[in-house]
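Step one of this worksheet: look at the structure below.
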Ligand SMILES: C[S@@+](CC[C@H](N)C(=O)[O-])C[C@H]1O[C@@H](n2cnc3c(N)ncnc32)[C@H](O)[C@@H]1O
């Protein structure tokens, strides 16, 4: 499998903090009080830096498509009880989880890929389970749209992302059987953290 984040992995956190300060970290961690005593599946967590302060409470699985990101996460989260897995989580028939964490990963996929991803994820979430999504959402601000365009172009060049815009997250989550329970937002709704439950 091609590692599309090989070039970015060493500098990813530095670039993200230069552009967004602490906001990405805040969005990914603001609901992590939901972790204790739950089995967790983290998908696309990158180097795992956001989870370092919570690692002793983490048990479950950590999935990455990038081996460069995964090897760093394995070191950064060495005090956790997570099992680190390289590849596509949907190919493994593993246990059901009470909490899924999707940190800035869905916006790297096309709508079709998101639907496929969420349908597979649903099979792995217990009926009373929750999904934490942190990501970018469509913004009306001209400044945000401009930065967004630059970021998308940057990712398209370096990681071959196929997506040229942002997904309608809530619509897609709804379509795949999840409903919004609560959310927090930053920068007039450009960045959000959302908690979803299963509809059934
Ligand atoms: C934009 S980066 C975000 C990294 C990290 N969550 C952060 O906010 O710093 C997206 C990450 O998701 C990973 N990724 C994308 N699709 C994935 C999938 N289907 N399964 C696991 N990881 C995936 C990529 O390899 C990459 O590390």
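What follows draws every value from the coordinates through simple rules; no lab data is involved. Note that the coordinates shown come from a computational prediction; the quantities given were computed from them, not determined experimentally. Don't worry about glycine lacking a Cβ; one is built from the backbone with ideal geometry, like all the others, and counts go over all protein chains shown.
Key figures for this structure:
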| read-out | value |
| --- | --- |
| Length-normalised contact order of the chain in % [C-alpha pairs under 8 Å, at least 6 apart] | 21 percent |
| 16 Å cut-off, amide nitrogen to a point 7 angstrom out along residue 183 Cα→Cβ, residues in segment 97-117 | 102-107 |
| Expected 222 nm ellipticity per residue - DSSP helices of 4 or more, -39500 (n - 2.57), all of the chain, to 500 | -9500 deg cm²/dmol |
| Rg(Cα)/(2.2 N^0.38 Å) for segment 9-198, N = residue count | 0.96 |
| Gained length - residue 200 relative to residue 145, 0.36 nm times residue gap less alpha-carbon distance | 16.2 nm |
| Segment residue 162-residue 128, length gained on full extension (0.36 nm per residue, minus Cα span) | 8.9 nm |
| DSSP bridge orientation in the chain - percent antiparallel, rounded to nearest 5 | 45 percent |
| Over segment 52-131: Kirkwood hydrodynamic radius from C-alpha pairwise inverse distances, Å | 13.6 Å |
